[in-house]
1. Check Ala69, Ala31 and return the single one that is open to solvent by less than 10 Å² (accessible area, probe 1.4 Å) and in contact with an Asp or Glu (Cβ under 7 Å, 6 or more places away or on another chain).
2. Taking the options Lys111, Lys107, Lys103, name whichever one is open to solvent by 30 Å² or more (accessible area, probe 1.4 Å), touching a residue at least 60 places away in the same chain (Cβ under 8 Å), closer than 30 Å to Glu245 by Cβ and not β-branched (Val, Ile, Thr).
3. Name, by its number, the condition in (1) in contact (Cβ under 8 Å) with a residue 60 or more places away in the chain; (2) open to solvent by 40 Å² or more (accessible area, probe 1.4 Å); (3) among the aliphatic types (A, V, I, L, M); (4) under 27 Å from Arg416 (Cα atoms) that does not hold for Ala354.
4. Does Pro116 satisfy being open to solvent by less than 50 Å² (accessible area, probe 1.4 Å) and out of contact with any Cys (no Cβ under 9 Å at 6 or more places or on another chain)?
5. Is it the case, given these coordinates, that Ile3 is of a type in the set (A, V, I, L, M, F, W, C), touching a residue at least 12 places away in the same chain (Cβ under 8 Å) and open to solvent by 20 Å² or more (accessible area, probe 1.4 Å)?
6. Among residues belonging to region 131-148 that are buried (at least 18 other Cβ atoms within 10 Å of the Cβ) and touching a helix residue (DSSP H, G or I) at 6+ places or on another chain (Cβ under 8 Å), point out the one that is modelled with the lowest pLDDT.
7. Anything in region 352-379 that is within 21 Å of Leu301 (Cα to Cα) and either acidic (Asp, Glu) or assigned to a strand (DSSP E or B) (or both)? List them, or say none.
8. When you go through (1) part of a loop (DSSP other than H, G, I, E, B); (2) open to solvent by 20 Å² or more (accessible area, probe 1.4 Å); (3) over 20 Å from Thr345 (Cβ atoms); (4) not aliphatic (A, V, I, L, M) one by one for Gly407, which number turns out not to apply?
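The values are calculated or read from the model by the stated rules, or taken from the named source; none is laboratory data. Bear in mind the structure is a predicted one, so any value in this text is a computation, not a measurement. Note that each Cβ is placed from the backbone with ideal geometry, even for glycine, and that neighbours are counted across all protein chains shown. For the accessible areas, the whole protein counts, side chains as well, though only heavy atoms, and no ligand, DNA or RNA atoms are used. Shrake-Rupley method; radii C 1.70, N 1.55, O 1.52, S 1.80 Å.
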Amino acid sequence: MKILVVGGGGREHAVCAALKKSPKVTQLHCAPGNGGISQIAECHNNKATDIDGMVNLAREIQADYVFVAPDDPLTLGMVDALESAGIKAFGPKANAAIIEGSKSFSKALMKKYMIPTASYGEFTDVEPAMNYIKEQNEFPAVIKCDGLALGKGVIIAQNLKEAEIAVKSMLEEGKFGDSGKKIIIEEYLTGPEITIMAFSDGKSASPMVSACDHKRAFDNDEGLNTGGMGAIAPAPFYNIDAERECLEKIINPTIYAMAIEGRPFKGILYFQIMLTPRGARVIEYNCRFGDPEAQTILPLLKTDLFEVMTAVIEERLSDLKIEWDNRHSACVVMASGGYPEKYETGFEITGLEAVSDVIIHHAGTKRESNKFFTAGGRTLNITALGKGLDTALEKAYNEINKINFKGAFYRRDIGRKAQSIINI
């Protein structure tokens, strides 16, 4: 089988690496790919959001399947376009990907089908938004862009002044472009946060191993929000009772709701959940693998990813038993100095050949003459497996110290917070 993977980050490297293991995958292509992906797949210089270009590329290479990994092409309708061209594609159609593309849609869906989430209001003008915040008079307040904002369109305001600045930056100043033309103002929830991703064929769901992501740039959850600075799996505090609650009140009802709405979700549905004192609550949905959760979880997948992909596309997921490694996984992200704001690229990466007993997924790299150079904010993902979380973390940090490039930094506390939480 010839497979084309759409995207060019660490998540796509993890997807390519998993598909490469399948005896049924004979040719692997990726567009646009990156330096690391180029070692295991043929890369093509197509933008991930170029729908017509990707359809033409899939035809040109005679791809049997296309795995659409990032959110942008999914919400823009790449799967729809591929299927219309007679090409089998993995991922939700645009009318289902809207569950991530519009927070207004997802909040309304949860409200209609009584899926537990934070109370909220939605606004397009500053004055009514500020009136709502004053009426609620509860801080911190969570202010979110309605649309996609690269994981950065969420501001937690600690007081009225910060809330006003956030609201005006989105609605008046256009800080997040069209994504911030409508905003959601939410109740601030407290409790351990968890990521649950599930394969879904539109009729049933198969949850993956739980994970904990680390969004803030620096240790102790300080600094700006990023696309993710590291992750661990499974979450040490996610017990059987919490798992049952999430499946019965959130995961299965969401799959059901989307089907009833005529938007069957086929692909990977990502649930960001907070285990509050009042029970599990959905923070947000994503319509694809998380990043770096994919780099953390996919190494634990024992079942052939190609088999899972085809079972989802053919709507026979319930017939497939998906097996997982029972070890722990820890992923640490190496980033370019200045990320998530302004940063420089083009620096040579050294020490990769000295690393052992970990998995390296390239995120923002390019390869020239068998040398690797930085080409993005999040540059490398170092993932280690171990019988315990401590072992996995120790291995990841021991090996990441061998790698270097100008301005490199990474969080040194991945997993620490999760380890300190007592079972719920």
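1. Values: Ala31 fails: in contact with an Asp or Glu (Cβ under 7 Å, 6 or more places away or on another chain).
Sole residue among the options that is open to solvent by less than 10 Å² (accessible area, probe 1.4 Å) and in contact with an Asp or Glu (Cβ under 7 Å, 6 or more places away or on another chain): Ala69.
2. Lys103
3. Unmet condition: (1).
4. Details: open to solvent by less than 50 Å² (accessible area, probe 1.4 Å): yes; out of contact with any Cys (no Cβ under 9 Å at 6 or more places or on another chain): yes.
For Pro116, the condition - open to solvent by less than 50 Å² (accessible area, probe 1.4 Å) and out of contact with any Cys (no Cβ under 9 Å at 6 or more places or on another chain) - is met.
5. Taking the combined requirement at face value, the residue does not satisfy it.
6. Looking at the filtered set, the residue picked out is Leu148.
7. So the first thing to find is which residues in region 352-379 are within 21 Å of Leu301 (Cα to Cα), and the list is 356-363.
Passing the criteria: Asp357, Ile359, Ile360, His361, His362.
8. With (1) part of a loop (DSSP other than H, G, I, E, B); (2) open to solvent by 20 Å² or more (accessible area, probe 1.4 Å); (3) over 20 Å from Thr345 (Cβ atoms); (4) not aliphatic (A, V, I, L, M) applied to Gly407, the lone miss is (3).
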